[in-house]
Every structure is written in C-alpha cells, then in structure tokens.
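Down below is the structure, laid out as structure tokens.
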Amino acid sequence: MKYIQNSGADGYTIKEAEKESAGTIITLHIKEDTESENYSEFLGQFRIEELVKKYSDYIRYPIIMDMTRSKVKEETKDSDNPEYESVTEAETLNSMVPIWQRPKKDVSDEEYEKFYHDKFNAFDKPAKIITTSVEGVVTYKALLYIPSKTPFDYYTKEYKKGLQLYSSGVLIMENCEELLPEHFRFVKGIVDSQDFSLNISREVLQHDHQLKTVANTLEKKIKNELSSLLKKDRETYENFYNEFGRQLKYGIVSDYGMHKDSLKDLIMFYSSNDNKLTTLAEYKDRMSEEQKYIYFATGENVSSISKLPQAEMVLSKGFEVLYCTQEIDEFTLQTLQQYGEKQFKSVDSDDLGIEQEENKDETEDNSEVLKFVRDALGDKVSEVIQSKKLVSHPVCMTAKGGISFEMEKYFAAMQPEAGMKAQRCLELNMNHKAVKAMKDLIGKDDEKAKKYAEIFYNQALLIAGLPIENPSDYADLVSSIM
C-alpha cells in the first residue's frame, strides 16, 4: 500500500501505508477559518449536499454521505403533539442518470416540466421542450426549453444568457454564452458532451471549433422548432411571441442584418387585417396583383395607427397595412428592405405606388398657397406640399430624410444628447374645406390665414404623436378662431 500526501503546494510525498481492504480513501483537510474567510461552511452537510447536486449530480457512481435529519418518532407520529428526533442515515446525494440521457419515450412531459422548474427556478410552463442527440464531429445531447413568460430580470444586467455545459455528466460551466446567439438568449437548457475537457476555460471555449459546431447546430434546431410551433400551435406561438418577439427583431437588426434571412419568417406584426398578428408570408399571400409594396405605418399603438390620415389612402384601396408599434419595428423593416420581391413602403412615403384620379384641386396651381404656409411657419418645417395621400383629413406631418418620427422618439429617449430630429414636411389636403377656407383668406386677411397655418401645423404634430411647442398658445389660438 502507498500513502500519498499533498499539502496544497506543488509536488507530493509517497509513503508506505497499511489498509485492511482494497480501494482508495481520499481525505481532504479544510483550512482554518480567518476573519475574512469562513472555510468551515464547506463542512456543513447541507452545503456539501448543495455542491454535489450542483456539480456532480449526474456522475454515474453513487455519492453516499451520512445525513442527519429531523424525523418524527414512530411512536408519536399519530399524536396531536408529535415528537422529533435526529436520525443519521446513509443517503445517495446524486441522481446519477440525468434526464437528458434517458430515452425521450421514457420521460413524461410532467417530468420534463418539473426538471425545468427545479433546475432553472422557473415558474412558467415552457412553450416548447426540445431534446436532441447528435453524433458526428462532436457528439452531444441537449435538453432545451423555450419559456412562455419573460423572466423578471430578463431586461436587466443581472440576467445571464447561456446553456449549462456538462462533460460526461459533470458541470463545467453554469452559463456558457457561446452556445446561444443573442436573438435566442431566452432559451434555457443543458448540453452534455464527452468531447469537452473537464478543466476547459472560458478563454479556450471562445476559440473552440467544436463548441462553435454545437452552437451552429443548436441555433438551426431552435429556429426549426419555433417554425414548427408557429405552424402547428399558433396560439402558443403568439403567446410566446408577445413575450419574446422584440428579441427576434433585435436579432434581425444586430450584426448588420447577418441573421435576417433566418429570422424573417418568425417575426409578426399586427395589421389592418382584423387587427391580428400576421407573419410576412401571410401578408404577402393576401396581396392583390396590383399591390406594388408591403405597406407599414408606425405609431404608439394599433388604435392610433389605424386612424393615421396618411394611411387612409392605402386602406381605401383595400391594401393591408402592417402596424409597427415597437421602437424596433421600423429598424427591422429597414434592415429587411424587402420580403420576397416586394419592398416595404411606409405610408408616409411620397410615392405609394397607387394610381389616383386627378380632380380640379390637384391639377390647379397651389404653389402660392403652399409658399404662404411655408413662410408663415418659418423654420418649423422644411417643406409644405400638396398631399397625394390624404382623403378626408386636412393635414398630416411626414418625415423627410433618413430619420422617421418614431426614430426621433427612440433617440430622444435613448440618446437625448444626440439631438437627432426628423425633417418635418407638412402635407395639406387641398380638397378639404378647412384648407379651402384658409386659401380664401390669403390676400384678404393674411393674419387670420397665418393662424390657420399654425393650427394645421400643431394638428399635424398631435396626429404624428409629437409634442406641440406650447399647448397654452395653441389653445388660445384655437379659441381666437372660434
């Protein structure tokens, strides 16, 4: 027999020893407690149990320890005042066979859900449970969960993305971020592979070809499972999308649109088609032959967007409009640029690709009226034009240049110091009675006509969801006209 001793420093000593039975005994000695370190906590039975459960729960050998627990005395268990005693018994602390190593047919949905709740401290029912076993360049098994509810800390710095990485049942990394792309950061789960070393470091993982192979395969698997969920269980998918759809859209925008082709069929928007969520594929299938573009409108909510004056022309032609209610929506569509061969077109655009019948007010020269309004408003607007999209409303405000009003609101909230603003273009409906009334005042009562111009400008701001410069002055202005 040999006795090996190591003091914690480099090297060790070997001495002769006597032992009655075969086998190996490893004795660990804990350092003495200090003012700053409490080493003795690792001698507590529940602390040891916790560490075994966390790091060695799935080792295929039993880890047995004497555990002292409080139990009711047998002779008093039926009494109104039961007595308790401490009982020490040998217990196996680890479960040995992990749930992901068992055949899927042998595991019930209830067992998968219980594991999800216990392992990841989750309270929701997972929207999708994914099991996969791969043999090839890298051999591994994975058990993944797609949540149905957003974790309370999901949008905080405390939230940690990544999958738990095991090597032959031994936990080697609690949150391996390299296994998940950012747009699937909500996925929880476990990857177990014998091809990874027990002492692999995060620095090595970042450059590990095998890990990247696993990550790429898992990304495709998750995408396919979400696509399947969308087709086979629409209600569950929509509930999931209401929780995590924003994350998918960020995935399209990030990395210069690298993932847009993979994610474009997973995103959804509310639309004028019964105000329900629709995919881009469903929108395109409903398009009529004469419709040139996929139309969209931006605003704070579905109700306000549906009443936008600039959407009226598109809707009157029976064309469907996507409602962009999140700040990321417009960035998403700009990144995609088109779906199939159909380009995205904002209802704010000058050219909506819609044929219109000309009438007298559209053919006559209104340049003097437009110039009058432009001069009356000064640098408040960059341009005043005769609208081709307004039907029953007198006025609307559209953005010129590369920044829309929704982008302006976003940057005002996120980067107020940048001072990014859209160029304001005031559009007038020359067929509207209110605009005609102003037109008739020009040259007869210019001061009153200027008041009309100011009112139109402030109305357009309100419709666009933009703040008016001085609410009190606007109220006085309207009162003066009344």
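Yes/no per residue for (1) of a type outside the set (A, V, I, L, M, F, W, C); (2) in a helix (DSSP H, G or I); (3) farther than 19 Å from Phe184 by Cβ:
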residue	(1), (2), (3)
Lys220	yes, yes, no
Glu225	yes, yes, no
Leu229	no, yes, no
Val253	no, yes, no
Gln291	yes, no, yes
Quick one: which of Lys232, Lys160 is under 18 Å from Glu243 (Cα atoms), among the basic types (Lys, Arg), loosely packed, with under 14 Cβ neighbours inside 10 Å and free of Cβ contacts under 8 Å to residues at least 24 places away in the same chain? Lys160
Answer from Ala399, Ala418, Ala422 - the residue that is surrounded by fewer than 19 Cβ atoms within 10 Å (Cβ to Cβ) and small (Gly, Ala, Ser): Ala418
Restricting attention to region 136-157, and to residues there that are among the hydrophobic types (A, V, I, L, M, F, W, C), in a loop (DSSP other than H, G, I, E, B) and in contact (Cβ under 8 Å) with a residue 24 or more places away in the chain, which single residue is farthest from Ser193 (Cα to Cα)? Val137
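Listed here are the residues, each with its yes/no results for (1) in the same structural domain as Ile25 (by TED's automatic domain parsing); (2) not in a helix (DSSP H, G or I).
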| position | (1), (2) |
| --- | --- |
| Val52 | yes, no |
| Met67 | yes, yes |
| Thr88 | yes, yes |
| Glu110 | no, no |
| Lys114 | no, no |
| Lys125 | no, yes |
Please pick out the residue among Asp285, Asp265, Asp261, Asp274 that is over 26 Å from Leu390 (Cα atoms) and either touching a His at 6+ places or on another chain (Cβ under 9 Å) or outside any helix (DSSP H, G or I) (or both). Asp265
Hey, can you tell me all the residues within region 22-75 that are of a type in the set (A, V, I, L, M, F, W, C), farther than 16 Å from Glu89 by Cα and in contact with a Phe, Trp or Tyr (Cβ under 8 Å, 6 or more places away or on another chain)? Ile30, Leu51
When you check Tyr145 against the structure, is it more than 16 Å from the chain's Cα centre (by Cα), surrounded by 16 or more Cβ atoms within 10 Å (Cβ to Cβ) and either closer than 22 Å to Val253 by Cβ or among the hydroxyl-bearing types (Ser, Thr, Tyr) (or both), yes or no? no
So for region 451-461 (the condition being touching a Phe, Trp or Tyr at 6+ places or on another chain (Cβ under 7 Å) and in contact (Cβ under 8 Å) with a residue 24 or more places away in the chain), does at least one residue qualify? no
Return a yes/no flag: does region 116-124 have any residue that is farther than 20 Å from Leu263 by Cα and among the small types (Gly, Ala, Ser). yes
Could you tell me how many of the residues in region 398-423 are under 23 Å from the mean Cα position of the chain (by Cα), modelled with pLDDT of 80 or more and aliphatic (A, V, I, L, M)? 1
Among the candidates Ser36, Ser56, Ser40, residue that is touching an Asp or Glu at 6+ places or on another chain (Cβ under 8 Å), polar (S, T, N, Q) and closer than 29 Å to Glu174 by Cβ: Ser40
Yes or no: Lys264 modelled with pLDDT of 95 or more, crowded, with 21+ Cβ neighbours inside 10 Å, of a type in the set (D, E, K, R) and on the phi < 0 side of the Ramachandran plot? no
Go through the residues of region 431-454 one by one and say whether even a single one is crowded, with 18+ Cβ neighbours inside 10 Å, touching a strand residue (DSSP E or B) at 6+ places or on another chain (Cβ under 9 Å), at pLDDT 90 or above and within 16 Å of Asp350 (Cβ to Cβ). no
Look through region 285-340, keep the residues that are over 27 Å from the mean Cα position of the chain (by Cα) and among the charged types (D, E, K, R), and return whichever of them is nearest to Lys264 (Cα to Cα). Arg286
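Specify the residue that is modelled with the highest pLDDT; the eligible residues are those in region 350-372 that are more than 23 Å from Ala449 (Cα to Cα) and exposed (fewer than 14 other Cβ atoms within 10 Å of the Cβ).
Of everything passing the filter in region 350-372, Asp351 is modelled with the highest pLDDT.
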Within region 79-111, the residues that are surrounded by fewer than 11 Cβ atoms within 10 Å (Cβ to Cβ), closer than 30 Å to Arg69 by Cα and within 32 Å of the chain's Cα centre (by Cα) are Glu110
Filter region 18-67 for residues that are surrounded by 11 or more Cβ atoms within 10 Å (Cβ to Cβ) and more than 29 Å from Pro98 (Cβ to Cβ) and give the result. Lys19, Asp33, Tyr39, Ser40
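The values are calculated or read from the model by the stated rules, or taken from the named source; none is laboratory data. Just so it is clear, the structure is predicted and the values come from calculations on it, not from any experiment. Note that each Cβ is placed from the backbone with ideal geometry, even for glycine, and that neighbours are counted across all protein chains shown.
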